[in-house]
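One structure is given below, encoded as structure tokens.
Coordinate-derived values only; no laboratory data. Everything quoted here is computed from the prediction, not taken from an experiment. Here Cβ is always computed from backbone atoms with ideal geometry, including for glycine, and neighbour counts include all displayed protein chains.
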Amino acid sequence: MRFSILGPVTVHDDARAVPVGGARLRALLVLLLLDPGRTVGTERLIGGIWGDDAPGGAGNALQALVSRLRRLLGDSVPVVADATGYRLVAAPGQVDLWEFEALVERGRAARAAGDPREAVRALETALALWTGPALADVADLDGVRSVLVRLAELRRTAAEDRLAAQLDLGRHAEALPDIEALAAEQPLGERPVRLLMRALAGCGRQADALAAYDALRRRLAEEFGADPATETRDLHLRLLRGELDPAAAPAHQLRG
């Protein structure tokens, strides 16, 4: 059985889609999937499923939902009860979020070890697991809203890691359009601008790379009265020295 939450919530048993009827049943499943192998407390489940509209006898209502979920999943993915709540017993490869996180860690480890090619492979595989905004069909439920920001951040940082690894490989022109879009979405984000500086310099556009830094510095001063972080200033200095030319240093030593 395969569970997907990086997009609409879906369940597949081999090639067969398993309908998860009702928003509350989907919410219960999602709350259990977000805490792999760990018990999710009864109060948290009730709050996440019903919010401020929990019925009288909410504990019994939760038990009824759990019974429905058990019938849906059968014996292949048990829902185990203990004194404080419930946990879903599934293997990491059965849940797209768990697989995504493992692939991202593999990609980051590969890049740190100086293997950007493997990093790109792992991170592209991870990002391909997303089919749209996470939890798209249950995003309005109280127990889900709190995790949407975290999941979106996981996706964004994985995309940044992939682009950084592409730059490590010298694929500046290929990465540049995605980096420009990322920097436009986060005008105060320093990492996207560092990636943009590297990509522009790698494409022979040093003046544009310097302009990107100057624009960021002005925005930070206007919004926060602050200078760019040390890492960004150091990259700017290396740009001025011509050290962002990929031929000037091993690619994996360029941080971004």
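How many angstrom lie between the Cα centre of the stretch 30-84 and the Cα centre of the stretch 105-177? With the stretch 30-84 and the stretch 105-177 each reduced to a Cα centre, they are spaced 30 Å. In this structure, the amide hydrogen of ASP115, modeled 1.01 Å from its nitrogen in the peptide plane, lies closer than 5 angstrom to no residue at least 5 positions away or on a different chain. Taking every alpha-carbon pair under 8 Å whose residues sit at least 6 apart, the chain reaches a relative contact order of 18 percent. The residues neighbouring ALA221, those whose beta-carbon lies less than 12 Å from its own, together hold a net charge of -1 under the Lys/Arg +1, Asp/Glu -1 convention. Our coupling estimate for the stretch 29-46, obtained by passing each phi through the Karplus curve with A = 6.51, B = -1.76, C = 1.60 and θ = phi - 60°, is 4, 4, 4, 6, 5, 6, 10, x, x, 10, 6, 9, x, 4, 5, 5, 5, 4 Hz, Gly and Pro reported as x. For GLY7, the residues whose modelled amide H falls within less than 5 Å of its own, excluding neighbours fewer than 5 places apart on the same chain, are THR131, ALA134, LEU135, ALA136.
Relative contact order for the stretch 21-84: 37 percent, from Cα pairs under 8 Å spaced at least 6 residues apart, divided by residue count. Take the Cα of GLN63, step 7 Å toward its Cβ, do the same at GLU118, and the gap between the two points is 5.1 nm. Summarising the amide proton neighbourhood of VAL40: residues at separation of 5 or more, or on other chains, whose placed amide H is nearer than 5 Å comprise TYR86, ARG87.
Our helix-only sum for the chain, with -39,500 (n - 2.57) per DSSP H run of n ≥ 4 divided by its residues, gives a mean residue ellipticity at 222 nm of -19000 deg cm²/dmol. Efficiency by 1/(1 + (r/R0)^6): what FRET value for LEU210 and ALA181, r their Cβ-Cβ distance, R0 = 22 Å, to the nearest 0.05? Here the calculated transfer efficiency is 0.60.
Would you mind ranking PHE224, PHE3 so that the residue whose beta carbon has the fewest other beta carbons within 10 Å leads the list?
Fewest-to-most Cβ neighbours within 10 Å comes out as PHE224, PHE3.
Using a cutoff of 8 angstrom between alpha carbon atoms and counting only pairs six or more residues apart, the relative contact order for the stretch 171-256 works out to 27 percent.
The convex hull built on the alpha-carbon positions of the chain has an orientation-averaged projected area of 16.3 nm².
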